[in-house]
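Participant: Take a look at the following structure, please.
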Amino acid sequence: MIVVTIIFLIAIGLNWRLQVKDDVRRKDRIIVIIVSVGLFLLAELLFFYQDQWTIPTLLRKASNML
């Protein structure tokens, strides 16, 4: 999983540089980064707890926390 994390960080860094070159607004870049990191963390959690959690159980636990 460390290799996947490194590849993800490289891809996000390159994407950030391309967005800077294309003059994308800073707010839009930050939104993209937040969504990407959130989905990446969700994937990491699901991989780590793949024997215990599935997406429906994760969503059920999240809705109970709210």
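Participant: Across segment 1-12, what is the number of residues that are part of a helix (DSSP H, G or I) and at pLDDT below 80?
Facilitator: 4
Participant: Right, another one. Just checking, how many residues over segment 19-66 are exposed (fewer than 10 other Cβ atoms within 10 Å of the Cβ), closer than 22 Å to residue 8 by Cα and either hydrophobic (A, V, I, L, M, F, W, C) or touching a Ser or Thr at 6+ places or on another chain (Cβ under 6 Å) (or both)?
Facilitator: Residues flagged as exposed (fewer than 10 other Cβ atoms within 10 Å of the Cβ), closer than 22 Å to residue 8 by Cα and either hydrophobic (A, V, I, L, M, F, W, C) or touching a Ser or Thr at 6+ places or on another chain (Cβ under 6 Å) (or both) within segment 19-66 amount to 1.
Participant: For segment 13-43, what are the residues that are over 26 Å from residue 61 (Cα atoms) and either within 10 Å of the chain's Cα centre (by Cα) or in a loop (DSSP other than H, G, I, E, B) (or both)? If you could, list the steps in order and put the result at the bottom.
Facilitator: Initially, segment 13-43 is screened for residues over 26 Å from residue 61 (Cα atoms), giving 13-30.
Matches in segment 13-43: 22, 23, 24, 25.
The values are calculated or read from the model by the stated rules, or taken from the named source; none is laboratory data. None of these values were measured; they are calculated from a predicted model. Because the Cβ atoms are built from the backbone with ideal geometry, glycine has one as well, and the counts that use them run over all protein chains shown.
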